[in-house]
Every structure is written in structure tokens, then in C-alpha cells.
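Participant: First the structure, then my questions, so here it is.
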Amino acid sequence: DEMIWFYPDRFAPPEVAAAVRAKIEDRLDRMFAVLDAALAGRRWLVGERFGAADAYLFMLARWTRNMPHKARDLPNLRPYLARILDRPAVRAMFAAEGLGEPYY
């Protein structure tokens, strides 16, 4: 869905691209709301340790940093994303890639 949001013209004619983007925003909002609810009272998405699902969700959340509704604005996702960003390997990756704020 993020790909469609960033490039609606690849998936729809110009006259409906804005409507496609709005529809995708709604779908992403609902998806992140489900993930936010799933994270209530949990440190990581799956299990007791950081895993691949956490890294993937962090990447998806990062893509929302320039969208109207950001994953980081949800109450459970904000501290979750901060925990991931606090990981030394994640900080090192951002430094190696020359990526700055906003991180997510």
C-alpha cells in the first residue's frame, strides 16, 4: 500500500490519483491501528525478543514519516519505534546510510 501512496500515478490515471492516495491512507491508518492495538502491553510484536517482524514493522512505520498520519503518532507504536531506534545496530545503520531525522 505504501508504494501505491508514493506513486499513485503508476496505478491509476491522473484524474483519480488523489482518490487512490486517499483510499490508501485510510487502509494504512486502519492497518497501523490494528498493529498499535496488538502492541498494547507488549515490548515486541512477536514473542519476548526483537525479531524480523519488528525490523519490518519499523521500516513500514518509517515510510509514514512524510504521510499525513504517521505511525509514530499512535500511543503504542511511538514507544515501540523508539525502542527499536535505541538499538545500536539500528543507529549504526542510519549513520552508515547517512539518514537523519525524522527516523520514523
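Participant: As a test of the definition: which semi-axes, in Å, follow for the range 20-104 when you take the square root of five times each eigenvalue of its alpha carbon gyration tensor? Largest first, please.
Facilitator: On the way: eigenvalues 86, 61, 19 Å².
Its equivalent ellipsoid spans semi-axes of 21, 18, 10 Å.
Participant: Could the peptides 68-76, 34-42 be put in order, highest first, of the mean number of other beta-carbon atoms found within 10 Å of their residues? It would help to have the intermediate numbers written out before the result.
Facilitator: Working: 68-76: 16.1, 34-42: 13.0.
Most protected by this proxy first, the peptides run 68-76, 34-42.
Participant: What are the ³J(HN,Hα) values, in whole Hz, obtained from phi via the Karplus relation 6.51 cos²θ - 1.76 cosθ + 1.60 with θ = phi - 60°, for each residue of the range 87-99 in sequence order, with x given for Gly and Pro?
Facilitator: 5, x, 5, 5, 4, 5, 5, 4, 5, 5, 8, x, 9
Participant: Still on this model: Give the Kirkwood hydrodynamic radius (Å, one decimal) of the range 1-70, defined as one over the mean of 1/r across all pairs of different Cα atoms. Please list the in-between numbers first.
Facilitator: Working: mean 1/r = 0.0749 Å⁻¹.
Computed over the range 1-70, the radius equals 13.3 Å.
Participant: Between the alpha-carbon centers of the range 48-81 and the range 25-46, tell me the distance in whole angstrom.
Facilitator: 9
Participant: Mind giving me the FRET efficiency for Ala18 and Met59? R0 is 30 Å, r the Cβ-Cβ distance, nearest 0.05 is fine. Present the calculation step by step, with values, prior to reporting the outcome.
Facilitator: Details: r = 26 Å, r/R0 = 0.86.
FRET efficiency, Ala18 to Met59: 0.70.
Participant: Using a 1.4 Å probe, how large is the accessible area of Glu97, given in Å² and rounded to the nearest 10?
Facilitator: 120
Participant: Another one. Where only protein heavy atoms count, and the probe is 1.4 Å, what is the accessible area per residue for the chain in Å²?
Facilitator: Spelled out: the 1.4 Å probe surface of the chain, per residue, equals 62 Å².
Participant: Can I ask one more? Report in % the part of the accessible area of the range 30-96 that belongs to carbon and sulfur, leaving out ligands and nucleic acids; probe 1.4 Å.
Facilitator: On the way: 2340 of 3910 Å².
So the carbon and sulfur contribution to the accessible surface is 60 percent.
Participant: In whole Hz, what ³J(HN,Hα) sequence does the range 13-27 give by Karplus (6.51, -1.76, 1.60; θ = phi - 60°), x for Gly and Pro?
Facilitator: x, x, 5, 10, 4, 5, 5, 5, 4, 4, 5, 5, 4, 4, 5
The values are calculated or read from the model by the stated rules, or taken from the named source; none is laboratory data. Since the structure is predicted, the reported quantities are computational estimates derived from the model, not experimental observations. Glycine gets a Cβ as well: all are built from the backbone with ideal geometry, and neighbour counts include every protein chain shown. All accessible areas refer to the heavy atoms of the entire protein, side chains included, with ligands and DNA or RNA removed. Shrake-Rupley method; radii C 1.70, N 1.55, O 1.52, S 1.80 Å.
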